[in-house]
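Structure, as structure tokens:
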Amino acid sequence: MKGTQPILLALLLLMPIISPISLLGAHFSTFHTQEALLSSKPHEPLKIGGISSTVALSPEDTTQNIGSRIPVTNGNSPRNWTILMYMCADNNLDLAAINQIIELETEGSTQQVNVLVYVDFTSSTATPGTGAFTYNITQALLGTSIRSEPLNTTLPVEPNMGDPSTLVEFIRFGQNYSEAENYLLVLWDHGTGYLGVCNDETSGNDQLLPHEIAIALENETIDPIDVVAFDASFMGQLELAYEIQNGTDLIVFSENYIPQRGFPYSTILHSLNLIPNSNPLALCKEMVDRYILAYSQGGEYSTYYPSGISDLCLSVINTTNINNLVYWFNETVEWLLNPGVLTTNYSIISGARGSTQHFVIPHFIDLWDFSNQIAAQSINPVIRSLATNMSQSVRAAIAHEQSMQGIPGAVGLAMNFADYEAVPLTLLNVTRYSEFINEFHGIGETTINSVMQFEFVPLNGYLDGKNDSVYFRITVPIPTEYTIVLRPFENYDADFDLYLYDSNQNLLARSISLNSTEAIQYSLLPDQIYYIRVISYPRSDITYGLGSVHIDIVPGSPINPIIFVIMGCLIVVVLCFIILCFFFLFRYWKRRVLQRQIERIQEPTESDSGDLVVSATQTAFCTECGEIFPDKAKYCPRCGKTFEGTETSESKEG
């Protein structure tokens with residue numbers, strides 16, 4: 001026993017070292033398993049069932065020392081991670097921003113992980129005040145207000161969050177204040193894909209365009225950013241990824257909308273606090289998995305969405321593989337633009353486009369799914385080979401992704417398949433994709449009238465369930481009457497109104513019932529620009545938003561199938577009533593005729609001398625058809641019924 005004491009003592013001394021190593025090993029073995037799944041199934045996206053869970057990253061693990069959660073300020077040794085939150089809430093997201101910061105405080109900063117928030121609020125009684133505040137997030141119990149104290153900084157008090165110089169200034173401040181080995185930058189706001197993010201309504205609706213984000217990230221006065229995450233809708237596009245590829249190693253974004261509840265920062269930060277030396281890719285994967293899990297049935301955010309959500313997705317892009325993807329992307333476009341090739345293969349491309357996974361903004365489509373659809377539907381070996389190479393290069397650029405069952409074709413990277421707005425995009429300068437889009441839609445509009453090629457452009461964000469409005473611009477391909485139908489994307493108790501304007505903003509039609517679904521019927525012309533306005537009014541307290549709305553534009557004036565059924569039943573009832581009326585009228589007329597015939601037979605006749613002559617005329621009548629005939633007849637002369645006996649009617653002189 002004495003001989004074992006030194007060994008036991010040594011083991012006890014090594015326990016603090018062995019435990020973190022064992023946890024770290026469990027953590028990274030999980031991601032290696034996921035990478036093996038990806039490599040073994042290169043054409044099959046991982047879905048919810050593929051989410052892993054380990055002891056090391058479980059949010060239920062309470063082994064951390066709460067008392068050590070003291071934020072580290074500048075002057076101490078570099079920590080593992082600094083998270084820089086750039087939150088543009090100078091719009092209808094002010095309340096959502098407050099709730100997001102409160103959620104961050106449930107975990108707070110630690111010695112190894114520091115969280116800095118730069119948030120610009122709009123004028124609201126619920127916010128700490130108008131303007132921008134900088135917070136070094138400290139741990140606090142879940143409450144209803146921000147507990148972290150604002151920092152005294154030189155950052156603008158009323159900034160333009162859509163100005164790249166504001167973003168550079170915040171990054172520079174954050175890196176000086178909280179030096180770290182790794183940096184995660186989160187851009188938090190509404191998003192509109194390649195059209196930008198961080199829309200500042202009090203600064204002329206200025207927003208950060210993709211090339212402006214790239215300018216900020218590549219600024220020489222800041223240190224490299226390891227991960228850029230977009231907590232904003234529709235940012236998961238090739239156009240954005242190519243633009244900022246030189247400013248970061250990894251990008252986290254979504255092809256589809258992101259609910260206003262946003263990323264589940266409490267569980268993400270909890271996992272990172274447990275293993276603060278996680279590498280950037282491990283953190284990105286954890287963000288993706290925690291996001292999908294939070295909104296799945298039984299997840300931490302499922303109570304906010306009782307009707308359920310089934311169409312969320314999030315992905316991680318490795319920017320080192322973007323150039324190879326763009327090479328095969330442009331090779332495919334170049335070949336299709338050869339004389340006569342696109343016209344010959346138009347039906348293939350159009351069919352593939354129609355089968356490809358799209359999102360709330362319908363002309364944002366999944367690039368991997370589009371490539372696979374082309375390869376599957378074409379018999380041309382050249383286009384099949386190009387599409388296959390493009391599909392494989394998309395997969396190579398996606399380091400990790402998760403999507404829900406409602407969007408099975410979402411694999412992590414989208415693209416715009418409509419005419420582009422006047423926004424500087426490097427991708428359009430180095431490829432002929434814009435030329436391809438113009439030619440493709442030109443063929444569709446001139447040769448195939450049955451294919452509806454709508455231009456449908458959202459002009460400003462999306463609804464949040466408060467007294468809010470959003471605008472869309474539309475054009476139509478053919479002159480006819482259209483039905484414009486609006487329905488909510490998430491089932492909240494809110495009232496919507498729908499308005500239609502011409503290019504001069506004159507009101508043409510509106511639908512303003514108390515329902516969440518509205519419809520307008522109006523004749524539209526193809527050479528005109530129209531605007532749709534949607535207004536939302538809450539019928540209850542809604543803390544988090546409506547995400548977006550569906551607007552369907554259907555040529556003609558379709559009638560609801562239920563109305564068809566009701567109308568059919570009414571027609572049948574009316575016809576039956578008319579038939580019955582005719583039947584009874586006919587019966588009545590027939591009886592009257594029979595009665596008149598009997599009366600004529602029973603009338604006495606007058607002789608030549610003027611005396612009444614008594615006559616006894618025996619007659620019979622058919623009980624089948626009512627015909628009157630002499631009783632000596634053995635059958636009815638009208639219907640042919642035979643008789644064994646007859647019924648007589650005698651007329652006597654009185």
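The values are calculated or read from the model by the stated rules, or taken from the named source; none is laboratory data. Owing to the predicted nature of the structure, the values given are computational and were not obtained by experimental measurement. Because the Cβ atoms are built from the backbone with ideal geometry, glycine has one as well, and the counts that use them run over all protein chains shown. In case anyone asks, the SASA skips ligands and DNA or RNA and just uses the protein heavy atoms, side chains included. Shrake-Rupley method; radii C 1.70, N 1.55, O 1.52, S 1.80 Å.
Within 10 Å, count the other beta carbons around each residue, average over each peptide in 107-116, 572-581, and list them highest first.
Those peptides, ordered most packed to least, come out 107-116, 572-581.
Once you sort the root eigenvalues of the Cα gyration tensor of region 102-219 as a ≥ b ≥ c, which label holds: rounded (a/c under 1.5), prolate (a/b larger than b/c) or oblate (the other case)?
Judged from the Cα gyration tensor, region 102-219 comes out oblate (a/c at least 1.5, b/c at or above a/b).
What accessible area per residue, rounded to a whole number of Å², is obtained for region 237-393 using a probe radius of 1.4 Å?
31
How much accessible surface does R533 have with a 1.4 Å probe, in Å² rounded to 10?
Rounded to the nearest 10, the figure is 60 Å².
For region 166-258, take the alpha-carbon Rg, divide it by the Kirkwood Rh, and send me Rg/Rh.
Result: Rg/Rh = 0.95.
Which percent of the accessible heavy-atom area of region 278-426 goes to carbon and sulfur, probe 1.4 angstrom?
Within region 278-426, the accessible surface is 53 percent carbon and sulfur.
Which of the three applies to region 281-419, rounded, prolate or oblate, going by the alpha-carbon gyration tensor with a ≥ b ≥ c and a/c under 1.5 meaning rounded?
Since a/c reaches 1.5 and a/b is larger than b/c, the shape of region 281-419 is classed as prolate.
Sort all Cα-Cα distances of region 201-305 into consecutive 5 angstrom bins from zero, then give the percent of pairs in each bin up to the one containing the longest distance.
P(r) over region 201-305, rounded to whole percents: 2, 11, 18, 20, 19, 16, 9, 4, 1, 0.
Go through region 375-390 residue by residue and turn each phi into a ³J(HN,Hα) via Karplus (6.51, -1.76, 1.60, θ = phi - 60°); whole Hz please, and just put x for glycine and proline.
My calculation for region 375-390 gives 4, 6, 9, 8, 9, 6, x, 5, 5, 5, 5, 5, 5, 5, 5, 5 Hz in order.
Could you rank the peptides 208-215, 145-152 by their average count of other C-beta atoms within 10 Å per residue, with the highest value first?
Those peptides, ordered most packed to least, come out 208-215, 145-152.
In square angstrom, what is the accessible area per residue of region 154-234 with a 1.4 angstrom probe?
Computed with neighbouring chains in place, this is 33 Å² per residue.
Take the Cα gyration tensor of region 324-403, multiply each eigenvalue by 5, square-root it, and list the three semi-axes largest first, rounded to whole angstrom.
Taking √(5λ) for each Cα gyration eigenvalue gives 21, 16, 11 Å.
With the full set of protein chains in place, find how many percent of the accessible area of region 132-171 is carbon and sulfur; take the probe as 1.4 Å.
Reported share for carbon and sulfur atoms: 53 percent.
Could you give the length gained by full extension between A509 and F586, i.e. 0.36 nm per residue of separation minus their alpha carbon distance, to one decimal place?
Residue separation times 0.36 nm, minus the Cα-Cα distance, leaves 22.5 nm.
Which peptide among 252-259, 88-95 comes first, and what is the full order, when sorted by highest mean count of other Cβ atoms within 10 Å?
252-259, 88-95
Would you mind calculating the relative contact order of region 277-404 from Cα pairs under 8 angstrom and at least 6 residues apart, reporting the percent as a whole number?
35
Under 1.5 on a/c is rounded, so check that first for region 251-294, then, if it is not, pick prolate when a/b is larger than b/c and oblate when it is not; a ≥ b ≥ c are the square roots of the alpha carbon gyration tensor eigenvalues.
Because a/c hits 1.5 or more and a/b fails to exceed b/c, region 251-294 counts as oblate.
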